[in-house]
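The values are calculated or read from the model by the stated rules, or taken from the named source; none is laboratory data. Values in this document were obtained by computation on a predicted structure and should not be read as measured data. Glycine gets a Cβ as well: all are built from the backbone with ideal geometry, and neighbour counts include every protein chain shown.
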Amino acid sequence: MIEPTIFELSSPGRTGVTFPQADVPAFDLPEADLLRGDLPLPELAEVDVVRHYMALSKYNYSVDGGFYPLGSCTMKYNPKINEDTCRLPGFLHTHPLQPIETVQGNLALMFEMQEWLKEISGFAAVTLQPAAGAHGEFTGVLMMRAYHQSRGDAKRVKMLIPDAAHGTNPASSGLVGFSVVTIPSDARGNVDLDALKAQCDDTVAGMMLTNPNTLGLFDEHIEKVIGLVHGCGGLMYADGANLNALLGIVRPGDLGFDVMHFNLHKTFAVPHGGGGPGSGPVGVAEKLADFLPTPLVGIIEEADDENPPLYGFVTPKHTIGRMKAFHGHFGGGVVRAYTYIAMHGGEGLKDISQYAVLNANYLKARLEKTYRVPFDRTCMHEFVMEGRFEGTDIRALDIAKRLMDYDFHPPTNYFPLIVHEALMIEPTETENKDTLDRFADTLIAIAEEAKTNPEIIKTAPHSTPFGRMDEVKAAKELVLCCWLPEEQ
Amino acid sequence: MSTTPSTLKYAKSDEWFDAASGKVGLSDYAQGQLSDIVFVEILVSAGDTVSAGQAIASVESVKAASDVYAPVSGKVVAVNEALAEAPESINSEPYGAAWFIQIEGGNGAALLDAAAYDADCAARAH
C-alpha cells in the first residue's frame, strides 16, 4: 500500500500537542501576513506522525541499509562517531554572531581544518565557506575571473572543459559568464592533447578538469595538459569530486592545479544525498590566495608563554566577498569531516584511497568478461561499463532497475555521456570482499537473465513499493504540489 | 534504425541540413541515443545570423541534456515554433515535422552525405 501524504492523513481536531494554559495576557496579533488561517496545516496525533514518517523512511535506501555504488558520488559509510562529535554541546550551542573570545574552540577547529586541507591538497590557502561542491566550483571560478581582471586581462572568456566532465563544470562557468569550450577525450580516455592545443590561446581563462576523470581514469598526460593551459596564460581548476582516489598519493597543488574544491560530503564521510548538508571548501595556489572569500579563520594574536593563540577572522586583500552567510556548514560539514580526518591520520587517509582503488579494480576485473568496459585501463576509484548486450534490447536503465530487486542501489547510469549505456560504479573503500562478490555475482546473474528471461529485467523493479516509473510523464507533466492556496 | 535520407547532409555533431529548403534538424541516430525527448528550447530567432558550430537549441531527454549546433553558417529565416510544444516529435519524425530552424545562405558542402554519416555513427557504436 502506498503511504498517503500527511495532508491526506489529517483529520480536523486531532492533535499532537496540548498547549498549557497561557500564564500571560492574550495578545491579538495583526492578521495579514503573520497568521494565515488559509494554510491547511495537517492535524494528527503524535503517534500518527511518527508512523507516517517511519513508513516513508522504509521506502528509502541508504548506505546504512546496503551497498550504494553510485559512481562519482563516493557513497562511503559515514562513521557514527561523527554524529557524536558534531553534537557536542560546545559546537551545537554556539552562534556565529558570538564574540570570537567565546568560540575559540570552534575557530581553532576551523583553523586546523584549513591547515589540514592545505596539507592534503598541496594548496596555499583554503576557505571553508562554500555550501557544497557546485557552490565551491562557482567560488573557484569567480576567483579565476577576479585574478584575470586584476591583471587587466579582460579578453580571457573561454573555459575549457573535457567531454567527460560533471555537468556542474559548464554550469558554474556559464554562471560566472565564461563561454564553455568542450574538449574531447582521446581513445584512452585522456584529454585529447591535439584538441586542447588547438584551443590554447590568449582568450583562455582556464580549464576545469576532474582527475581521475569520470571514467575513473587518471590522465596519463596530466602534466602536459596543465603545462599547455598554463603556457597560454590560463588557470587550472581541479574538480575535487574524485579526490577519494588520491589521498596521500598525489596532491593536486603539487601537480600544478591553481584551485580545487573539496567535497567533504564525499571524500571525508559527511552524509549526503538527503542526509546533508554538504560542504565544499576551496583550496587555491599562492597567486589566488588574495581573492578568497571573506572571512577566513586566522590567528590574530600569536601565542605566548602564558596564552594560547587568539583565533579570529581575517579578510583576504582582494577578496571576492562573501559566498555564504556566516561561515559555511560548520557542525554538519566541517566538524564531521575533521573527526574523520583526525580518526584516520595521514597513513589512514592513504589507506582509504588505496582500498577505494583496489575495490574498484576488483569489481572491474570480475565484471569485464560479462560487461564491456571501454577505455580498458587500470582504473582508479571507479569505472564505467556498458549496460547492453549483443542481440538483446536490454539497456543500462533496465539493469539499474533490476539491481533494486536484489537490494542494491543502482550505479549512476547514462553518465559520463561519452560511454554508450553507461553504468558508472564506485564501490568505495568501506565495502568488504563479500559485498563486492555478491554485487558482481548479481550483475553476472542479470546478464544471464538477459538471455533467458529479458522480460523480468524490462519490467523491473518488482520488489520495491513502486514499480517502473514513467520518466517521460514525470518530466513532462510536473505536479509539484498537492495543494495551492487560492488567490486572495 | 530507419534509413538515413540521402537528400540531406549531416554534421558529425548529428544535425541534418536540407540544402533545398535550408531546414535543420536532429538525426534519427541522435534521437535514438538521447531516448525520450521531453524538452526543447530554440536559442535563436528569425533574423539572427548564425555560424556553423554555434549552439542553436538545447534538447533534454530523460537521460541527458544536449546542445544542437548550426550545421552551416547563414541567416535564420524561420524557427519551428511548434517544436517546443511537441518535443516527442523529434523521436517520432526526426526528418519530418521535427525541424528546428531554417537557415538561408549555407550550401552544406562541408557536411557528410548519408552514407558517410551512417559510417560515422557505426564507428561510434563501438
(Q) Can you find a residue that is surrounded by fewer than 23 Cβ atoms within 10 Å (Cβ to Cβ), closer than 15 Å to A:LEU109 by Cα and either touching a residue at least 24 places away in the same chain (Cβ under 8 Å) or more than 24 Å from the chain's Cα centre (by Cα) (or both) anywhere in region A:351-373? (A) no
Q) When A:VAL373 is evaluated against the numbered criteria (1) at pLDDT 95 or above; (2) within 14 Å of chain B (Cβ to nearest Cβ); (3) farther than 30 Å from A:HIS135 by Cβ; (4) out of contact with any helix residue (DSSP H, G or I) (no Cβ under 9 Å at 6 or more places or on another chain), which criterion, by number, is the only one it fails? A) (4)
Q) Just one of the numbered conditions (1) in a helix (DSSP H, G or I); (2) among the aliphatic types (A, V, I, L, M); (3) over 18 Å from the mean Cα position of the chain (by Cα) is not true of A:VAL384; which one? A) (1)
**Q.** From the options A:TYR311, A:TYR338, residue that is within 26 Å of the chain's Cα centre (by Cα) and over 20 Å from A:LEU142 (Cβ atoms)
**A.** A:TYR338
Q | Matching helices (runs of 4 or more DSSP H) fully within region A:132-216 where at least 1 residues are under 30 Å from A:ASN359 (Cβ atoms) | A | A:133-150, A:168-176
**Q.** Filtered residues of region A:230-249 (kept if part of a helix (DSSP H, G or I) and more than 25 Å from A:VAL419 (Cβ to Cβ))
**A.** A:HIS230, A:GLY231
Q.
Of all residues being surrounded by fewer than 14 Cβ atoms within 10 Å (Cβ to Cβ) and within 14 Å of another protein chain (Cβ to nearest Cβ) in region B:42-54, which is farthest from A:GLY387 (Cα to Cα)? Just the residue, please.
A. B:SER51
Q.
I'd like to verify a number: residues in region B:79-94 that are loosely packed, with under 15 Cβ neighbours inside 10 Å and touching a strand residue (DSSP E or B) at 6+ places or on another chain (Cβ under 8 Å), how many?
A. 1
Q. Just a yes or no: is a residue in region B:19-34 modelled with pLDDT under 95, buried (at least 17 other Cβ atoms within 10 Å of the Cβ) and touching a Lys or Arg at 6+ places or on another chain (Cβ under 6 Å)?
A. no
Q | Subset of region B:65-78 [within 13 Å of chain A (Cβ to nearest Cβ), surrounded by 15 or more Cβ atoms within 10 Å (Cβ to Cβ) and among the aliphatic types (A, V, I, L, M)] | A | none
Q.
Just the residues that are within 14 Å of chain B (Cβ to nearest Cβ) and assigned to a loop (DSSP other than H, G, I, E, B), please, taken from region A:412-469.
A. A:TYR414, A:PHE415, A:PRO416, A:LEU417, A:ILE418, A:VAL419, A:HIS420, A:GLU421, A:ARG468, A:MET469
Q.
Could you go through region B:70-78 and let me know if any residue there is touching a Phe, Trp or Tyr at 6+ places or on another chain (Cβ under 7 Å) and closer than 26 Å to A:GLY174 by Cβ.
A. yes
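Select from region A:108-130 the residues that are of a type outside the set (Phe, Trp, Tyr), in a loop (DSSP other than H, G, I, E, B) and buried (at least 20 other Cβ atoms within 10 Å of the Cβ) and list them in ascending order.
Result: A:LEU128, A:GLN129, A:PRO130.
Could you pull out the residue among A:GLY275, A:GLY328 that is under 23 Å from A:SER121 (Cα atoms), at pLDDT below 95, assigned to a loop (DSSP other than H, G, I, E, B) and out of contact with any Phe, Trp or Tyr (no Cβ under 7 Å at 6 or more places or on another chain)?
On the way: A:GLY275 fails: under 23 Å from A:SER121 (Cα atoms).
Going through A:GLY275, A:GLY328 in turn, just one is under 23 Å from A:SER121 (Cα atoms), at pLDDT below 95, assigned to a loop (DSSP other than H, G, I, E, B) and out of contact with any Phe, Trp or Tyr (no Cβ under 7 Å at 6 or more places or on another chain): A:GLY328.
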